[in-house]
Amino acid sequence: MTDDSEVFATAELRSFEQVLGPSPVRSTPEGEILFGHVQAREVRPELFPPAFRALTDFADWRYVRVVVPFELPAGPAEFADATVAILRPGPDAIVLDLEPPRRADDGGLIRALAATAVPVAYDSGGDGRALPDGIAVGTSGQGFNVMRWTLSSSRGGPLPPGGFVVAGVVQLPRARTVLTGELAPQAALVRPMLRLRRPIPTRTLDPIPFTVPILGAPLAQRLSTVDSGDGTQRLCVAVDIESYSPRTTAGHLDAQRRLVRALDLAAEHAGMTRDLWQNQPQGDGLLAVLPPTLNAPRYLPDLLHELRIALKETNRFTLPEARIRLRLGLQLGLVADAANGWAGAAVVEACRLRDCGPARDLLRDDLTTDLVIAASQRVFDDIIRDEPRHLRRADFKPAEVELKGSGQSTAWLSATA
């Protein structure tokens with residue numbers, strides 16, 4: 001946390017020992033943990049498994065995802081383990097889920113989290129946010145009113161310094177509009193020059209209280225994604241399912257359902273509900289024109305990243321022939337509402353990029369990949385070339401394509417397993 005505005009509290013870790021004298025306990029400062037601002041967002045019902053939705057009454061209860069970023073600073077004391085606990089997260093709270101901790105990325109703890117809504121049951125899925133190898137994680141408190149995460153080294157060494165994120169879901173009465181609680185960190189510290197000594201157990205002198213508003217999911221996502229604009233430029237996304245026609249009717253229904261589910265989750269987790277897209281279903285695919293006020297360079301990298309994760313999840317337990325594998329075309333340009341849809345070259349070119357021969361060949365020839373992206377030259381120049389978060393320029397290769405009505409053009413292709 002290099003930005004002081006991201007630091008909510010500095011928790012001083014102290015060791016305690018019994019001594020003779022007027023005060024029976026002496027405390028000594030040993031180190032500290034920096035905490036970012038606690039965040040609380042309501043979880044939309046559709047993100048829960050169907051079996052859970054059938055057992056609960058969303059009219060009486062609200063389900064809130066609590067996120068706590070923290071940092072283990074580098075210093076003279078190393079962390080043999082570190083525990084973050086949230087005590088009493090609101091009256092009548094019941095802890096339902098505790099996600100494994102993750103590493104925060106380099107963009108800053110709060111900035112990284114503010115634009116991303118993560119699923120209820122988080123699966124790192126190789127997205128670069130998982131903890132490094134060698135870190136063991138323990139959680140406790142589900143079914144009670146305490147949330148506790150403990151990080152330790154499974155190899156006997158110290159924990160790496162840097163930023164981490166812990167999160168969990170709590171059930172609260174529907175009338176609750178704020179989340180209250182107390183942060184209570186503990187750690188076992190080792191000083192390198194005294195490595196032969198046993199780790200020093202430490203904790204804070206007093207828990208750190210907090211009170212934060214509970215944000216509604218659609219509002220939090222919309223504010224984090226949309227910037228003001230003149231509404232002249234639109235991001236066009238065209239999607240198609242590979243090998244759709246040979247499936248049975250039941251296979252068509254299943255493929256369409258899982259396509260919609262993957263797109264819904266990807267949009268949600270990237271920071272915008274798909275209700276704000278203007279969608280034109282196409283059976284085995286979809287054409288979407290995104291809002292004119294969308295900040296495409298900020299939103300698109302997260303959308304593609306989350307779509308890869310959603311496809312990996314939806315294909316995890318399916319037979320090879322039932323997997324959904326997608327071609328996706330991208331174009332930026334002027335779009336106008338028309339009597340039967342949209343008018344504008346950007347819409348047409350997004351579809352033609354999706355259906356171009358090199359994109360079809362790439363997906364057909366590489367059976368390990370779930371997603372082939374065909375981006376226009378403009379999308380590459382305006383977004384991909386700058387390598388925003390989750391996008392690497394080296395992952396895209398140019399291919400000359402013939403776009404009907406547009407002549408020779410360049411498609412930038414990327415395949416992701």
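The values are calculated or read from the model by the stated rules, or taken from the named source; none is laboratory data. If you're wondering where the values come from, they're calculated on a predicted model, not measured in any experiment. Virtual Cβ from ideal backbone geometry, glycine too; neighbours counted across all protein chains shown.
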Next item on the list: Go through (1) polar (S, T, N, Q); (2) at pLDDT below 85; (3) crowded, with 16+ Cβ neighbours inside 10 Å one by one and return the number of the condition Gln171 breaks.
Entry: (2)
Margin query: Any residue at all in the stretch 293-300 that's buried (at least 17 other Cβ atoms within 10 Å of the Cβ) and either outside the structural domain of Thr369 (by TED's automatic domain parsing) or modelled with pLDDT of 90 or more (or both)?
Written below: yes
Notebook entry, point to check: So which pairs qualify, if the first residue must be in the stretch 265-288 and at pLDDT 85 or above, the second must be part of a helix (DSSP H, G or I), the Cβ gap must be under 6 Å, and the two must be at least 6 apart or on different chains?
Noted result: Leu265/Ala310; Ala266/Leu303; Ala266/Glu306; Ala266/Leu307; Ala266/Ala310; Ala267/Arg274
Next item on the list: Would you check which residues across the stretch 236-271 are touching a strand residue (DSSP E or B) at 6+ places or on another chain (Cβ under 7 Å) and assigned to a loop (DSSP other than H, G, I, E, B) and list them?
Entry: Glu242
Notebook entry, point to check: Do you know which of the residues in the stretch 380-397 that are surrounded by 13 or more Cβ atoms within 10 Å (Cβ to Cβ) and without any contact (Cβ under 8 Å) to a residue 60 or more places away in the chain is farthest from the chain's Cα centre (by Cα)?
Noted result: Asp381
Next item on the list: Being assigned to a loop (DSSP other than H, G, I, E, B) and within 22 Å of the chain's Cα centre (by Cα) is the filter; apply it to the stretch 276-292 and report the residue that is farthest from Cys351 (Cα to Cα).
Entry: Pro291
